[in-house]
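Written below as structure tokens is the structure these notes are about.
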Amino acid sequence: ELQQMNEKFRKSIAEFYILKEIGNYIGSVLELEQLLDMITDMIMGVMGVDTCSIALWDNKQEELTFQVNSIYSENIIEKFKTHAKNKQLLHLINNSHTYVENHVISKNKQYSFLDGRKVGSFIAVPLSKNNIIYGFILVEHQLESYFSKSSIEFFKAVSAQIVMAIENARLYKKTEEMATKDGLTGIYNRTYLNQILPKMIEWSKNHHQPLAVSIFDIDSFKKVNDSYGHLFGDKVLQIVAQLGKAKVESYGGIISRYGGEEFILLLPGYDLDAMVMIVDELRQEIANYPIQDGNVLTYVQASFGVSAYPQFAKNSIELVQSADTAMYRSKQLGKNRVISAKLETGNKIK
């Protein structure tokens, strides 16, 4: 009996330590993946369990993503992660109640998500708050009858702290996005552009790779606003931004809103000629895209200027200026066209 009391006391101390450490982590670690890895690793080490997983529900993909620490091999854990849409796991998440199974072996119960692992007991505790389901904690041990009533209360407390961490991380990410993303179009803003462009120039220099840039402006945008109103104009900006985003991201680049109806595209690893071909495809896509809102249907066009580092610029300022000059030249020549810095400068930067 004394041994049981000592064991119970030791377990209580371990649980208290984990809760205290998780609280400390929440205040100092904002990267959610890193935080969840710390939590699962700590539960493994202190509680002596075989596997600790935190499964998060991805609303967009409609599946689970996993953070797992385990005594089992990487191959076995990767097999477990393939159960992202496993019906039994989805039932656990939809049930929103703590589920304890202490007799997996003796009851000969079949749990497909346990394949490849010797599990006698497991506990699944939902991660939820105010009817919002974030996922669940799944903890396993090879012995039967391993999880007690106190285990349930402990993992509920852990769950509450993980939910707090998830909410903090998502709030931080949202705040970070607000600082770097344009509120109307959802693409990067000029603040982010000013941060990333010098880094891209540095990357280009270190890897001896070109960096192409294109600035484009929606033609006669003021006329669109005057004819159809600013709300329709906002829709035009959003659609053009998304067309640009889809195009540039397919080549590994980024798009930023540069001004009112101006956008800038950055493509690391591409030279001027390649960029001219890519943005001319985008120019045609924009021109052929029907923009409709209610009874209003219209089309817009855009003028593009293209430049590249180090071919036509020594630094980020010259790179943007040369592309901007080329874009204004495309306006002067009749709009809805692509003009490269080659026609503007004529000479390679020495």
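Nothing in this text is a laboratory measurement; each read-out follows from the coordinates by a stated rule. Keep in mind the model is a prediction, meaning the values are calculated, not measured. Cβ sites come from the backbone with ideal geometry, for glycine too, and all protein chains shown count toward neighbours.
The value of relative contact order for the chain, using C-alpha pairs under 8 Å at least six residues apart, is 12 percent. Excluding same-chain neighbours fewer than eight residues apart, the lysines reachable from Lys223 by a Cα-Cα span under 23 Å are Lys235, Lys331, Lys335. For the pair Asp273 and Glu202, the difference between a 0.36 nm per residue extended length and the Cα-Cα distance amounts to 23.4 nm.
When peptides 98-108, 131-141 are sorted by average Cβ neighbour count within 10 Å, with the highest value leading, the order is 131-141, 98-108. Relative to the current alpha-carbon distance between Gln110 and Thr82, full extension at 0.36 nm per residue lengthens the span by 8.3 nm. With a Förster radius of 56 Å applied to the beta-carbon distance between Asp280 and Tyr99, the computed FRET efficiency rounds to 0.45. The residues Phe216, Phe113, when put in order of fewest to most other Cβ atoms within 10 Å, stand as Phe113, Phe216.
Each Cα pair under 8 Å and six or more residues apart adds its sequence gap; the mean of these over the residue count of region 202-317 is a relative contact order of 38 percent. Working note: Cα atoms of the chain, range along each principal axis, descending, whole Å: 92, 54, 34. Relative to the longest principal axis of the Cα atoms of the chain, the long axis of helix 316-332 lies at roughly 50 degrees. The alpha carbon radius of gyration of region 190-345, expressed as a multiple of 2.2 N^0.38 Å, is 1.02.
Projected over every direction and averaged, the convex hull enclosing the alpha-carbon atoms of region 153-274 yields 11.0 nm². Quick check on my link table: of Lys79/Lys199; Lys81/Lys174; Lys129/Lys181; Lys60/Lys156; Lys173/Lys314; Lys87/Lys107, which ones sit more than 31 Å apart, alpha carbon to alpha carbon? Flagged as over cut-off: Lys79/Lys199; Lys173/Lys314. The orientation-averaged projection of the convex hull spanning the C-alpha atoms of region 2-180 amounts to 11.1 square nanometres.
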